1. Going by the conditions given, is Arg175 modelled with pLDDT of 95 or more and in contact with a Leu (Cβ under 9 Å, 6 or more places away or on another chain)?
2. Being in contact with a Leu (Cβ under 9 Å, 6 or more places away or on another chain), under 24 Å from Ala171 (Cα atoms) and not aliphatic (A, V, I, L, M) is the filter here, so list the residues in the stretch 237-251 that pass it.
3. Identify the single condition in (1) under 24 Å from Thr254 (Cβ atoms); (2) charged (D, E, K, R); (3) without any contact (Cβ under 8 Å) to a residue 12 or more places away in the chain that Lys97 does not satisfy, given that it satisfies every other one.
4. Where residues in the stretch 45-82 are surrounded by 13 or more Cβ atoms within 10 Å (Cβ to Cβ), acidic (Asp, Glu) and assigned to a helix (DSSP H, G or I), which of them is farthest from the chain's Cα centre (by Cα)?
5. Yes or no: Val36 without any contact (Cβ under 8 Å) to a residue 40 or more places away in the chain, part of a helix (DSSP H, G or I) and surrounded by 14 or more Cβ atoms within 10 Å (Cβ to Cβ)?
6. For residues in the stretch 264-285 being in a loop (DSSP other than H, G, I, E, B) and aliphatic (A, V, I, L, M), which is modelled with the lowest pLDDT?
7. Leu15 - would you say it is outside the structural domain of His215 (by TED's automatic domain parsing), crowded, with 17+ Cβ neighbours inside 10 Å and at pLDDT 95 or above?
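The values are calculated or read from the model by the stated rules, or taken from the named source; none is laboratory data. Bear in mind the structure is a predicted one, so any value in this text is a computation, not a measurement. Using ideal geometry, Cβ is built from the backbone for each residue, glycine included, and neighbour counts are taken over all protein chains shown.
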Amino acid sequence: MPDYTVHDISHLDALWEMASLVVNDDLTLNPAEAFVLGAAILLHDASMTLAAYPGGIEELKTLTEWQDFVAISKTRTGSEPTEALVLSNVLRMLHAKNAEALAVHGWPSPGAIGTEYLIQDNDVRRYYGPTIGQIAHSHWWPTANVRGRLDRRLGAMTPVAQHEVDVLKLACILRVADAIHLDRRRAPPFVRALDRPGGIASLHWAFQGRLGFPHIEGDALQFTAGEPCSIEESDSWWLGYDAFALADKELRETDLLLRDLGRPGLKVRRVKGVEDPPNPGTQRTSNRVEAGKFPPFVYLIYLGLFPYLAAPSYTATIGEHRSANFYKTPWMLFKPAEGFRAMMAWEPS
């Protein structure tokens, strides 16, 4: 998909690194679990392409999500959105849901010579495919849904495999690894210079292109950047802070979920500094990602006074239910960007 940060094989490989960074040493994988998790990692973002839909774009146009996006866009802008705009947004919105089908989906071969599958072995596909798909889908579920739907074990596929699969454990590993993979491999500066992404995507490229590989300090994950963010790119800094806050939320909730249900918890349970938002106008920032000299505004709203302030357009952009759940954290940042957030500005005396 054009403009999006890197979702190629380098992202998939990096998820194993991210998982190894945050899980406890006593949280291990048997061969069957390694296969299922590996397949779920491969498929979790694989639907962000038209090739993931055997019926092509005509299949997508029949879906409610396509028709709703067109109707909402026409209401907001007064004109018909381009097919490319609708396609990119609908693929993004549906990619997690459709990932559930990819493990068992078949693609007809040209010339009616048969059907091709991502998992070619019929027995393995039928036994493990539905579970692989559910885990891939779950990376965008609220944590409560993971608890309610995936707290189970899949027995050994005898005589092929001798080990059972802890479905909840694998879903938790995938979601935290995906949430914390924010470093510059997702947004190489040279690729950004060549592709020149626009809109909201450009903000993701700007902040992720600065981030180094995170390291552990105690029970916290520490992100750092090689250079400060200028005032001209302040929107990308705030978007980056949102990403840190979401990663922090995933680590905390997933650790509690694992421990509550009798599994080993995480050795990294939070993102350092997220609970102490920066004071705009200074160079002291959370997560050691410098903000340069920002205007003297306070962009904080205490959500105890505002039970729900998540605009539908942002929920649609981020997808499914996860972003709505995100906005229920005790403190949240808002800013006047792209018309989808609120801001409270206070001029200090």
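1. Against the criterion (modelled with pLDDT of 95 or more and in contact with a Leu (Cβ under 9 Å, 6 or more places away or on another chain)), Arg175 does not qualify.
2. If the condition is that a residue be in contact with a Leu (Cβ under 9 Å, 6 or more places away or on another chain), under 24 Å from Ala171 (Cα atoms) and not aliphatic (A, V, I, L, M), then Asp242, Phe244, Asp248 are the ones that fit.
3. The one condition Lys97 does not meet is (3).
4. Asp68
5. Here the answer is no, as Val36 does not meet what is asked.
6. Ranking the candidates gives Val274 first.
7. no
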